1. Tally up the residues in segment B:156-166 that are modelled with pLDDT of 95 or more and either more than 18 Å from residue B:201 (Cα to Cα) or more than 11 Å from chain A (Cβ to nearest Cβ) (or both), please.
2. Taking the criterion of being touching a residue at least 12 places away in the same chain (Cβ under 8 Å) and farther than 29 Å from residue B:184 by Cα, would at least one residue in segment A:54-73 satisfy it?
3. Taking segment A:174-190 on its own, how many of its residues are touching a residue at least 24 places away in the same chain (Cβ under 8 Å) and either in contact with a strand residue (DSSP E or B) (Cβ under 9 Å, 6 or more places away or on another chain) or assigned to a helix (DSSP H, G or I) (or both)?
4. Go through (1) surrounded by fewer than 17 Cβ atoms within 10 Å (Cβ to Cβ); (2) under 26 Å from residue B:208 (Cα atoms); (3) in contact with a helix residue (DSSP H, G or I) (Cβ under 8 Å, 6 or more places away or on another chain) for residue B:64 and report which single condition fails.
5. If you go through segment A:174-191, how many residues are surrounded by fewer than 21 Cβ atoms within 10 Å (Cβ to Cβ), more than 8 Å from chain B (Cβ to nearest Cβ) and modelled with pLDDT of 85 or more?
6. Within segment B:91-124, how many residues are over 15 Å from the mean Cα position of the chain (by Cα) and within 27 Å of residue B:170 (Cβ to Cβ)?
7. Does residue A:158 satisfy being modelled with pLDDT of 90 or more, away from every other protein chain (no Cβ under 13 Å) and within 24 Å of residue B:96 (Cβ to Cβ)?
């Protein structure tokens, strides 16, 4: 007979904060890094230079069609076999960024495609330089378009970070396995970890909403209207 | 704005209730009747939990069939009970959960009887005695386990097995890398992510003899482990049947012959 007993996880609570910090750090860094990868990838994909367009497209198709699990294995075990010994945390961060960066690229490219050509021409007729056009005309609009799908992607990254434990990263999933295997209270450990991921994903989502509102109310197009 | 916040709170509440409901449901679902043998006869199969990626004890062949020493034992048990084996592939910690949640009738997976585990599940008498040892690459500078006791060295092993307490006792200062399967822990050593692998001494002996000199063991044995058949706790009849089977399996010499066939060397004595 299985008796549900959440207090059995109590003695593992002191190591939980460190695990939560690891998960938050890993997913937070991956979100930040994938934004830069996404912007670079989208600029490549929409570039006039054929080679750049090809590189951008190949990157997106390759990374979107390989499971994250395999990318983590490749970075951690594969590169080590070639002599490049990257720690579990860094390997997971690289793999998560590569994977999420591909989705970010497509998302931003979609946002860029929604901006009419006429706007570029109009901006150029006002003698704006390319960086100025992107900074003041294009990006504020792209930001509004991708704002909602970006939230989904952020949650996906937090949940995807759970795979990092397969290369020995001591995150919330690893904590869950430890509690389960040491206390034999697996059901409790699974439920606790599920609740923690729910809270973490929502925290990051609320941060996104807060930052988004602040940025939108301070964006140049909003103040100029 | 308030409306949005309220909707979000409601959604979170609903998710929470769903998790809560799941918990109560599972708790009641696990109050199963205890006559395991009768269930096996009725079902026509004995459900055996084992792990993948742990050769030569148990692994899954490319065609999806379980194979290895523990798998052969499972087939013999099923034949003795006059039913068919039904394999439940689990991970290292899942060996206990499968029995606790009655997803399996026995666990056969290089499964050490420990006091902690004995408080929640039952074990038969052992069918194998193993130790644990450290394995390194042939060209490693490491010669003894004492040298390994340094934060600059990484030791790999599987999560949720007896590896963790043994590593904490023998090389407390070394950096410990924990993996989901024995196979991944071995891969960490092969790929160079780990400097040493701590594992079952017989498995390490088998890995070294298959490696054509690429691997070697550090001298010393660091544990005494009784490998036994795991059973759900609380069914004395089922324990009596399985323990009698193991006694016969050991005494008849069938065990020693099977071991030699799979591992390629003589089985160490059962003490």
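The values are calculated or read from the model by the stated rules, or taken from the named source; none is laboratory data. Keep in mind the model is a prediction, meaning the values are calculated, not measured. So basically every Cβ, Gly included, is an ideal-geometry build from the backbone, and we count neighbours across all protein chains shown.
1. 0
2. yes
3. The qualifying residues number 9.
4. Every condition holds for residue B:64 apart from (3).
5. Going through segment A:174-191 one residue at a time, the tally reaches 2.
6. 3
7. no
Listed here are the residues, each with its yes/no results for (1) in contact with a helix residue (DSSP H, G or I) (Cβ under 8 Å, 6 or more places away or on another chain); (2) assigned to a helix (DSSP H, G or I); (3) at pLDDT 95 or above; (4) within 30 Å of residue A:133 (Cα to Cα).
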residue	(1), (2), (3), (4)
A:2	yes, no, no, no
A:14	no, yes, no, no
A:21	no, yes, yes, no
A:26	yes, yes, yes, no
A:34	yes, yes, yes, yes
A:54	no, yes, yes, yes
A:72	yes, yes, yes, no
A:80	yes, yes, no, no
A:89	yes, yes, yes, no
